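Everything on this sheet refers to the single structure shown next.
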Amino acid sequence: FDPRHYLGTHCYSWPKTGPHRLRFLLESVKDLRETLKKKGSTLVVRKGKPEDVVCDLITQLGSVTAVVFHEEVREIL
């Protein structure tokens, strides 16, 4: 979870993630973790800036061969 996603937007400082969206996100992550657990896997969840957290996680795991990510699309006004 990137703390920057819970700050105001570039336009009008509206929150990027309101209480309803946050609840949906948390419930979705919980459901995904439970589904993965039933299949013998797990889900790693961290809080922090991805550029820091991912690097730390790779170092901790030690045997990472690939990292896949997506970048947030921003509207240019």
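The values are calculated or read from the model by the stated rules, or taken from the named source; none is laboratory data. Since we're looking at a predicted model, the values are computed, not measured. With ideal geometry, Cβ positions are generated from the backbone for all residues, glycine too; neighbour counts draw on all protein chains shown. Ligands, DNA and RNA are excluded from the accessible area calculation, which covers all protein heavy atoms including side chains. Shrake-Rupley method; radii C 1.70, N 1.55, O 1.52, S 1.80 Å.
Listed values, structure above:
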{"item": "Helical mean residue ellipticity (222 nm; -39500 (n - 2.57) per DSSP H run of 4+; nearest 500) of the chain", "result": "-14000 deg cm²/dmol"}
{"item": "Calculated SAXS-style log₁₀ I(q)/I(0) at q = 0.26, 0.27 Å⁻¹ - the chain, Debye, Cα scatterers", "result": "-1.32, -1.33"}
{"item": "Accessible-area value, Arg23, 1.4 Å probe, nucleic acids and ligands omitted, Å²", "result": "130 Å²"}
{"item": "Apportionment of accessible area to carbon and sulfur, segment 1-59, percent (1.4 Å)", "result": "61 percent"}
{"item": "23 Å Cα-Cα reach of Lys39 towards lysines, excluding residues that sit fewer than 8 places from it in its own chain", "result": "Lys30"}
{"item": "Under DSSP loop assignment and at most 10 Cβ neighbours within 10 Å, longest GluC sites (Glu not before Pro)-free interval of the chain", "result": "1-70"}
{"item": "Surface per residue (accessible, 1.4 Å probe) for the chain, Å²", "result": "94 Å²"}
{"item": "Acute angle (nearest 10 degrees) that the helix 50-61 long axis makes with the longest principal axis of the chain, alpha-carbon atoms", "result": "10 degrees"}
{"item": "Nonlocal amide H pairs with Lys16, under 5 Å, H built at 1.01 Å", "result": "Leu7, Thr9"}
{"item": "Low-density loop cleavage sites - chymotrypsin sites (Phe, Trp or Tyr not before Pro) in segment 1-55, where at most 11 other Cβ are within 10 Å (DSSP)", "result": "Tyr12"}
{"item": "Helix 19-38 axis, angle to the chain major axis (alpha carbon atoms, nearest 10°)", "result": "10 degrees"}
{"item": "Normalised contact order of segment 1-59, rounded percent, pairs of Cα under 8 Å and 6 or more residues apart", "result": "38 percent"}
